[in-house]
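Reviewing the structure listed below.
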Protein chains: 2
Amino acid sequence: MPDKRPTPGPRFTALVQALPAAVPFVGPDTMERQAGKPFRVRLGANENSFGPSPLAVRAMQDAVSGVWKYGDGESHDLRAALSDHLDVPMENLLVGEGIDGLLGVLVRMMIEPGDRVVTSAGAYPTFNYHVTGHGGELVTCAYVEDREDPAALFAAARESGAKLVYLANPDNPMGTWHDGPALEAALNDLPAGATLVLDEAYIEFAPKGTAPRIDPEDGRVIRMRTFSKTYGLAGARIGYAIAPAHVIAAFHKLRNHFGVNRLAQAGALAALKDQAHLDWVVDQVARARDRLAAIAADEGLRALPSAANFVAIDCGGERGSDGKMLAHRVLAALNRRGVFVRMPFVAPQDRCIRVTCGAPEDLDLFARELTPALAEARAEHGA
Amino acid sequence: MPDKRPTPGPRFTALVQALPAAVPFVGPDTMERQAGKPFRVRLGANENSFGPSPLAVRAMQDAVSGVWKYGDGESHDLRAALSDHLDVPMENLLVGEGIDGLLGVLVRMMIEPGDRVVTSAGAYPTFNYHVTGHGGELVTCAYVEDREDPAALFAAARESGAKLVYLANPDNPMGTWHDGPALEAALNDLPAGATLVLDEAYIEFAPKGTAPRIDPEDGRVIRMRTFSKTYGLAGARIGYAIAPAHVIAAFHKLRNHFGVNRLAQAGALAALKDQAHLDWVVDQVARARDRLAAIAADEGLRALPSAANFVAIDCGGERGSDGKMLAHRVLAALNRRGVFVRMPFVAPQDRCIRVTCGAPEDLDLFARELTPALAEARAEHGA
């Protein structure tokens with residue numbers, strides 16, 4: 001073995017040296033390893049336990065025999081099908097490794113150290129992670145009545161000279177939303193020089209008319225969509241961006257051209273073609289939202305209206321003597337009981353737990369465990 | 001629809017604005033669409049047409065039912081298995097979205113505009129793409145007798161103050177290699193402040209002793225390995241890095257934590273456990289190398305010795321009156337005949353075509369088409 005030398009290793013950039021060792025989320029698999037046992041039910045990652053279309057399952061299983069081949073670097077067939085489905089030209093569509101991957105490239109395209117980026121306090125942590133990872137400075141606006149506030153976001157962009165504004169519609173973690181015409185109107189106040197990243201990961205769950213009508217060539221907006229949620233393919237890592245052709249061209253300068261896996265392309269294509277399954281999922285999720293509202297009400301708690309596949313349940317805004325929210329204790333008690341849910345990170349949203357719309361039997365289990373978890377949490381909270 | 005405004009769209013970084021619209025490769029699927037017909041045989045992307053272990057196929061098919069869940073962000077089980085297999089601590093292992101994805105993060109960790117990076121003229125274009133994409137300046141060294149030249153690379157790193165040196169062993173596109181002890185000795189001349197990226201994508205095809213023995217905590221080296229080649233999972237997008245723990249920690253600051261897809265993790269884990277299949281693939285590839293050498297010899301051409309799953313066939317170094325190499329014409333004639341092969345990009349390696357070690361029937365077809373393709377190419381070349 002060669003002699004070890006006293007060199008300290010790679011010369012990292014100053015930015016990387018200064019970055020904290022942060023992950024946007026601790027994943028459920030990691031939490032299970034830490035707990036030494038698996039969760040009994042997985043309602044914390046807004047995954048779709050109704051699953052993908054059986055046609056997508058079959059397409060992926062069939063595609064495995066060809067997994068020795070790289071995937072198509074242009075995701076051509078999927079883009080063609082999306083183009084038909086959305087009535088958006090192919091040149092305005094880019095398929096990438098989920099919204100997380102696409103957001104990473106987008107931030108890299110635009111953000112250098114010191115550039116400002118506006119988002120809501122408590123919105124998607126992975127977007128913030130990418131911004132911070134490129135040295136961007138986050139400017140945050142408060143939620144208003146548990147909704148993101150486009151007017152405030154765009155005003156903050158004007159004031160700070162931000163290059164990028166993030167808005168999720170429907171919102172995660174609260175599930176709230178704006179209707180399309182309201183967003184179209186708000187867009188007129190987006191300052192010149194600021195681009196809106198409109199994260200529509202949950203859009204198919206929302207009422208018709210929630211998606212604003214925006215010309216794909218409108219240079220003010222980059223939309224992000226995914227097959228992870230309504231289409232049930234989170235583990236496949238595939239999503240897409242809708243943006244002006246010259247913006248898609250900029251993505252092509254940076255993206256990992258052969259990064260989208262072959263099975264995901266096959267699965268997404270088949271899933272897109274089974275809109276009947278999608279409708280069924282959307283219906284099941286709507287029922288689950290109602291069920292979660294009823295479960296909450298049974299415990300004297302209020303579920304927020306949601307247009308996504310999860311529901312925020314308000315556990316009350318009073319902190320205990322140790323400064324912790326009741327929601328925090330409820331979440332911990334549920335997790336201890338094998339029920340994986342999450343909670344918003346930032347006040348005042350952190351009075352809620354966020355519960356994914358699972359299958360009926362998942363929600364049965366949640367309901368069964370919520371009662372004792374709440375009792376434990378309330379006892380601690382009063383102590 | 002809101003009024004369109006005359007804004008030009010996103011404010012890209014100066015670097016992105018200056019980057020050319022380049023892709024590292026035009027993929028075979030794109031070439032097929034351009035030609036309007038599929039290739040009859042796919043011998044251009046160094047894919048493994050012997051395919052993955054049947055156990056990996058089954059594991060991936062079984063995993064499809066769970067694709068609604070995100071993958072484990074730590075790829076824990078795969079890293080544990082790799083740790084056992086390689087006798088490398090888990091903290092020195094990082095699983096990522098193939099070597100391409102890992103190289104992207106690595107370059108981002110280290111390279112800022114103006115930083116120097118040393119590689120061989122004609123080595124892996126995707127690495128160069130990442131370097132250029134971060135504003136790095138490439139310094140290149142010539143191949144010597146169709147091999148990368150570690151001494152020259154390390155001397156160039158010293159002279160240029162490079163942060164990063166790229167070396168593939170075995171090399172792509174030539175298939176040549178250095179033995180492990182030679183590299184271990186050469187490493188002593190790697191200058192302080194330069195880090196070697198040792199790309200071992202093809203290492204399992206190479207003779208025993210080709211992989212240098214390097215302590216995983218040796219700060220001079222970051223090794224890259226993949227499941228795309230010997231393990232036959234190119235379409236799944238999964239590979240790994242071996243590096244000091246503090247370097248892995250730096251990757252964690254930037255990487256897309258939930259980017260490795262769930263099916264790939266399942267497939268790679270099963271593939272790793274089927275070393276008998278790997279041995280069979282390696283044996284088949286060795287036979288294919290011999291067969292390709294014989295096919296070349298039958299045409300009066302020489303195949304270079306290779307330690308990878310492809311063979312460079314020397315078509316001669318004389319340019320035609322139009323400046324083109326015979327290899328270029330042979331490649332075009334083969335592609336027209338539905339045989340997908342590639343060629344090195346840079347002189348003097350561009351006197352060769354590069355042919356992947358396919359299954360016997362693939363090579364039968366290659367042999368059948370090479371004769372007329374060569375005849376066409378030679379006629380053009382002399383014209």
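The values are calculated or read from the model by the stated rules, or taken from the named source; none is laboratory data. Because the structure is predicted, anything quoted here is derived from the model rather than measured. Neighbour counts are summed over all protein chains in view; Cβ atoms, including those assigned to glycine, are modelled from backbone coordinates with ideal geometry. Protein only, heavy atoms only, side chains kept; ligands, DNA and RNA dropped before computing areas. Shrake-Rupley method; radii C 1.70, N 1.55, O 1.52, S 1.80 Å.
Count, please, the residues in segment B:63-73 that happen to be assigned to a loop (DSSP other than H, G, I, E, B) and in contact (Cβ under 8 Å) with a residue 12 or more places away in the chain.
Qualifying residue count, segment B:63-73: 6.
Quick check on segment B:51-62: of everything there that is in a helix (DSSP H, G or I) and not polar (S, T, N, Q), which residue is surrounded by the fewest Cβ atoms within 10 Å (Cβ to Cβ)?
Step by step, filter segment B:51-62, then rank; the result is B:PRO54.
Applying the selection to segment B:220-246, what residues are assigned to a loop (DSSP other than H, G, I, E, B) and within 30 Å of A:PRO125 (Cα to Cα)?
Listed by number, the residues that qualify are B:ARG237, B:ILE238, B:ALA243, B:PRO244.
Note down all Cβ pairs under 7 Å where the first residue falls in segment B:205-216 and is within 14 Å of B:LEU183 (Cα to Cα) and within 12 Å of chain A (Cβ to nearest Cβ), the second is among the hydrophobic types (A, V, I, L, M, F, W, C) and surrounded by 12 or more Cβ atoms within 10 Å (Cβ to Cβ), and they're at least six residues apart or on different chains.
Final answer for the pair search is B:PRO212/B:LEU183; B:ILE214/B:VAL221.
Residue check, A:PHE345 against (1) over 23 Å from A:ASN48 (Cα atoms); (2) out of contact with any helix residue (DSSP H, G or I) (no Cβ under 6 Å at 6 or more places or on another chain); (3) at pLDDT below 95, all met but one. Which one?
Every condition holds for A:PHE345 apart from (1).
Out of the residues in segment B:69-79 meeting the condition of being surrounded by fewer than 24 Cβ atoms within 10 Å (Cβ to Cβ) and within 7 Å of another protein chain (Cβ to nearest Cβ), tell me which one is farthest from A:LEU278 (Cα to Cα).
My answer is B:HIS76.
Give segment A:103-114 a look and list any residue that's more than 7 Å from chain B (Cβ to nearest Cβ) and of a type in the set (A, V, I, L, M), or say none. Before you say what the answer is, go through the steps one by one.
Taking segment A:103-114 and keeping what is more than 7 Å from chain B (Cβ to nearest Cβ), we get A:103, A:105-108, A:111, A:113-114.
Selection gives A:LEU103, A:VAL105, A:LEU106, A:VAL107, A:ILE111.
Do the conditions hold for A:VAL260, that is, is it of a type in the set (A, V, I, L, M), touching a residue at least 40 places away in the same chain (Cβ under 8 Å) and assigned by TED's automatic domain parsing to the domain that holds A:CYS352?
No: the conditions fail for A:VAL260.
Look through B:VAL346, B:VAL339 and report the one residue that is open to solvent by 40 Å² or more (accessible area, probe 1.4 Å) and of a type outside the set (D, E, K, R).
So the residue among B:VAL346, B:VAL339 that is open to solvent by 40 Å² or more (accessible area, probe 1.4 Å) and of a type outside the set (D, E, K, R) is B:VAL346.
Would you mind finding the one in A:ILE222, A:ILE214, A:ILE242, A:ILE203 that is within 17 Å of A:VAL107 (Cβ to Cβ) and either touching a Phe, Trp or Tyr at 6+ places or on another chain (Cβ under 7 Å) or among the β-branched types (Val, Ile, Thr) (or both)?
Sole residue among the options that is within 17 Å of A:VAL107 (Cβ to Cβ) and either touching a Phe, Trp or Tyr at 6+ places or on another chain (Cβ under 7 Å) or among the β-branched types (Val, Ile, Thr) (or both): A:ILE222.
For segment A:351-383, which positions are within 23 Å of the chain's Cα centre (by Cα), without any contact (Cβ under 8 Å) to a residue 60 or more places away in the chain and assigned to a helix (DSSP H, G or I)?
Once the filter is applied, which keeps residues that are within 23 Å of the chain's Cα centre (by Cα), without any contact (Cβ under 8 Å) to a residue 60 or more places away in the chain and assigned to a helix (DSSP H, G or I), segment A:351-383 yields only A:ARG351.
State all residues of segment B:243-253 that are within 26 Å of A:GLY96 (Cα to Cα) and surrounded by 21 or more Cβ atoms within 10 Å (Cβ to Cβ); if no residue qualifies, say none.
Result: B:ALA250, B:LYS253.
Given the conditions (1) surrounded by fewer than 17 Cβ atoms within 10 Å (Cβ to Cβ); (2) touching a strand residue (DSSP E or B) at 6+ places or on another chain (Cβ under 6 Å), and given that B:ILE313 satisfies all but one, which numbered condition is not satisfied?
Condition (1) is where B:ILE313 drops out.
Residue by residue through segment A:80-102, note down the ones that are part of a helix (DSSP H, G or I), more than 9 Å from chain B (Cβ to nearest Cβ) and in contact (Cβ under 8 Å) with a residue 24 or more places away in the chain.
Across segment A:80-102, the qualifying residues are A:ALA81, A:LEU82, A:HIS85, A:LEU86, A:GLU91, A:ASN92, A:ILE99, A:LEU102.
Test B:ARG262 against the stated conditions and say whether it is within 11 Å of B:CYS357 (Cα to Cα) and modelled with pLDDT of 95 or more.
no
Take segment A:319-334 and flag every residue that is farther than 14 Å from A:CYS352 by Cα and open to solvent by 30 Å² or more (accessible area, probe 1.4 Å).
A:SER321, A:ASP322, A:GLY323
So for segment A:111-126 (the condition being under 23 Å from A:LYS273 (Cβ atoms) and out of contact with any His (no Cβ under 8 Å at 6 or more places or on another chain)), does at least one residue qualify?
Scanning segment A:111-126 turns up no residue that is under 23 Å from A:LYS273 (Cβ atoms) and out of contact with any His (no Cβ under 8 Å at 6 or more places or on another chain).
Residues of segment A:23-35 being of a type in the set (A, V, I, L, M) and either in a helix (DSSP H, G or I) or over 18 Å from B:VAL260 (Cα atoms) (or both), which ones? Don't jump to the end; show me each part of the working.
Pass one, segment A:23-35, residues of a type in the set (A, V, I, L, M): A:23, A:26, A:31, A:35.
Within segment A:23-35, A:MET31, A:ALA35 qualify.
Of the numbered conditions (1) over 23 Å from the mean Cα position of the chain (by Cα); (2) touching a residue at least 24 places away in the same chain (Cβ under 8 Å), A:GLY323 fails exactly one; give the number of that condition.
Only one criterion is unmet by A:GLY323, namely (2).
Is one or more of the residues making up segment A:228-237 in the same structural domain as A:GLU97 (by TED's automatic domain parsing), touching a strand residue (DSSP E or B) at 6+ places or on another chain (Cβ under 7 Å) and closer than 30 Å to A:ASP274 by Cβ?
Yes, segment A:228-237 contains a residue that is in the same structural domain as A:GLU97 (by TED's automatic domain parsing), touching a strand residue (DSSP E or B) at 6+ places or on another chain (Cβ under 7 Å) and closer than 30 Å to A:ASP274 by Cβ.
Among (1) open to solvent by 40 Å² or more (accessible area, probe 1.4 Å); (2) touching a helix residue (DSSP H, G or I) at 6+ places or on another chain (Cβ under 6 Å); (3) facing chain A (nearest Cβ under 10 Å), where does B:SER65 come up short?
If we test B:SER65 against (1) open to solvent by 40 Å² or more (accessible area, probe 1.4 Å); (2) touching a helix residue (DSSP H, G or I) at 6+ places or on another chain (Cβ under 6 Å); (3) facing chain A (nearest Cβ under 10 Å), just (2) comes out false.
So, in segment A:12-56, of the ones that are more than 30 Å from B:GLY136 (Cβ to Cβ), touching a residue at least 12 places away in the same chain (Cβ under 8 Å) and among the aliphatic types (A, V, I, L, M), which residue ends up nearest to the other protein chains (Cβ to nearest Cβ)?
A:ALA45
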